[in-house]
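Working notes for the structure below.
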Ligand SMILES: [Fe+2]
Ligand SMILES: [Fe+2]
């Protein structure tokens with residue numbers, strides 16, 4: 001599968017899961033959905049860094065390098081929030097709810113930037129067969145990440 005398609009599939013699932021976390025009014029259900037979300041987010045992000053961001057940085061093009069580093073930075077911020085949510089004792093508390101809401105907002109922002117800017121760069125810098133190889137490498141990396 002082409003890399004942009006593989007990324008987009010995960011993006012849809014991640015948005016669906018975090019939305020459901022926010023919508024749920026049951027603590028156990030929130031926790032269960034959040035666990036699914038956290039696992040996919042970690043696998044997706046680590047594989048994306050290795051296969052997509054590193055490839056963009058390696059092009060040596062200024063805009064691509066910056067986009068790759070911007071992606072790493074946003075992942076780092078999301079990781080911090082993810083750790084706070086994982087550590088939160090009560091998923092129905094106002095604090096946890098606020099963190100989950102901010103997670104949804106930063107995720108939506110991050111995904112929009114990726115699909116607008118990074119997808120365009122990937123399509124410009126890599127041909128179809130390279131993009132398919134990147135898609136395979138992405139799926140393989142995801143399997144290897146411990147989440
Ligand atoms: Fe992504
Ligand atoms: Fe990302």
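What follows draws every value from the coordinates through simple rules; no lab data is involved. Quick caveat, the model's predicted, so the values are computed rather than measured. For neighbour counting, all protein chains shown are included, and Cβ atoms are generated from backbone atoms with ideal geometry for every residue, glycine included.
Across region 86-103, the number of residues qualifying as more than 19 Å from residue 46 (Cα to Cα), surrounded by 15 or more Cβ atoms within 10 Å (Cβ to Cβ) and touching a helix residue (DSSP H, G or I) at 6+ places or on another chain (Cβ under 6 Å) comes to 4. Among the numbered conditions (1) more than 11 Å from ligand 2 (Cβ to nearest atom); (2) over 21 Å from residue 130 (Cβ atoms); (3) in a helix (DSSP H, G or I), the only one that residue 64 does not meet is (2). Filtering region 1-41 to residues that are within 15 Å of residue 106 (Cβ to Cβ), within 13 Å of ligand 2 (Cβ to nearest atom) and surrounded by 16 or more Cβ atoms within 10 Å (Cβ to Cβ) leaves 11, 14, 41. When residue 122 is tested against the conditions (1) within 25 Å of residue 35 (Cα to Cα); (2) crowded, with 17+ Cβ neighbours inside 10 Å; (3) within 16 Å of ligand 1 (Cβ to nearest atom); (4) more than 13 Å from the chain's Cα centre (by Cα), the lone failure is (1).
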